[in-house]
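Shown next, in structure tokens, is the structure this report addresses.
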Amino acid sequence: GPSIAEFLCTQASAGSPTLTPHTSTDTTHTTNTTHTTDTSTKKTHLTAAEWNEAMDQPETTVVDVRNHYESEIGRFQGALTPNVDTYRESFPVVREMLQGKENSPVLLYCTGGIRCEKMAYYLESEGFRQVRQLKGGIVKYTSDTKRLGLTSRFKGKNFSFDERLGERVTEDVIAQCHQCGTACDTHTNCSNDACSLLFVQCAACKSKYQGTCGKEECVTTVSTLSGDALTQYLQQR
């Protein structure tokens, strides 16, 4: 049958999760009497203030459960950031990154909390005993830190899957233009519709390469347009 990671990804792809919510009453993995941790009263979903405090606890590992292009422009300080393109890929990668930390505190975060629920379930099934997650994800954390006047430990932008491709959380720019290396955290898609590669591009390179990723075929395709036609083409994207 499918592995737990494959099952969770199938549920995520279907858009209708059927997993039992990860709550403080979960008693999974209590058969190992040598390393058993009592989770009956352990809070697993942390508020912004609790998260900031938990990040400073000894031997704590923070894990970004998003894709690499999301964490590239914004992340919590010191977080592990899996180099994956899709959520499905992240399960074995995160498991390997956390090898040997089964009995240490692990903090998970994502955009809104959904991906963390599934990752927490998976890690607990793999023997991790101190898994907690950010309640409401980056979205709620950002709102709460602003409302309560807390220091944001998240730096940069929170990637969004809409036309904005990101919402600024702090003024820190932690990414670089993929074409020239200057500090930049603006995602765009290659202006050649046949390519549409998602990448980070600064204003200077956008002008230089006419909004393309820089590949010869993309530059050539877009360069065949000129003047008003090019302007209209770029505005329609």
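The values are calculated or read from the model by the stated rules, or taken from the named source; none is laboratory data. Owing to the predicted nature of the structure, the values given are computational and were not obtained by experimental measurement. Virtual Cβ from ideal backbone geometry, glycine too; neighbours counted across all protein chains shown. Ligands, DNA and RNA are stripped out before the accessible areas are found, and what is left, the full protein with its side chains, is counted by its heavy atoms. Shrake-Rupley method; radii C 1.70, N 1.55, O 1.52, S 1.80 Å.
Need the full-extension length gain, Leu150 to Ala203, defined as separation in residues times 0.36 nm minus the C-alpha distance. One decimal, nm. Intermediate results must be reported in sequence, preceding the final value.
On the way: separation 53, 0.36 × 53 = 19.08 nm, distance 3.26 nm.
Value of the extension gain: 15.8 nm.
For the cross-link pairs Lys43/Lys101; Lys140/Lys215; Lys146/Lys206; Lys101/Lys140, the ones whose C-alpha atoms lie over 29 Å apart are Lys140/Lys215; Lys146/Lys206. Can you tell me which aspartates and glutamates have their Cα less than 20 Å from the Cα of Lys118? Leave out same-chain residues fewer than eight positions away. Within the straight-line limit of under 20 Å, Lys118 reaches these aspartates and glutamates: Glu6, Asp26, Asp64, Glu70, Asp85, Glu89, Glu96, Glu102, Glu126. Cross-link partners for Lys208 among the lysines, with Cα-Cα distance under 24 Å and sequence neighbours closer than 8 places in the same chain left out, do not exist in this structure. For a modelled paramagnetic label at Lys215, 7 Å from Cα along Cα-to-Cβ, the residues of the range 186-206 in reach, with backbone nitrogen under 12 Å, are 190-198.
In the assembled protein chains, Lys101 presents an accessible area of approximately 70 Å² (probe radius 1.4 Å). Were the residues from Phe161 through Lys140 laid out at 0.36 nm apart, the gain over their Cα-Cα distance would be 5.9 nm.
Each residue, Ala49 and Asn103, gets one label point 7 Å from its Cα in the Cβ direction; the gap between the two is 3.3 nm.
In this structure the amide hydrogen of Phe76, modeled in the peptide plane, comes within under 5 Å of the amide hydrogens of Lys155, none closer than 5 places in sequence on its chain.
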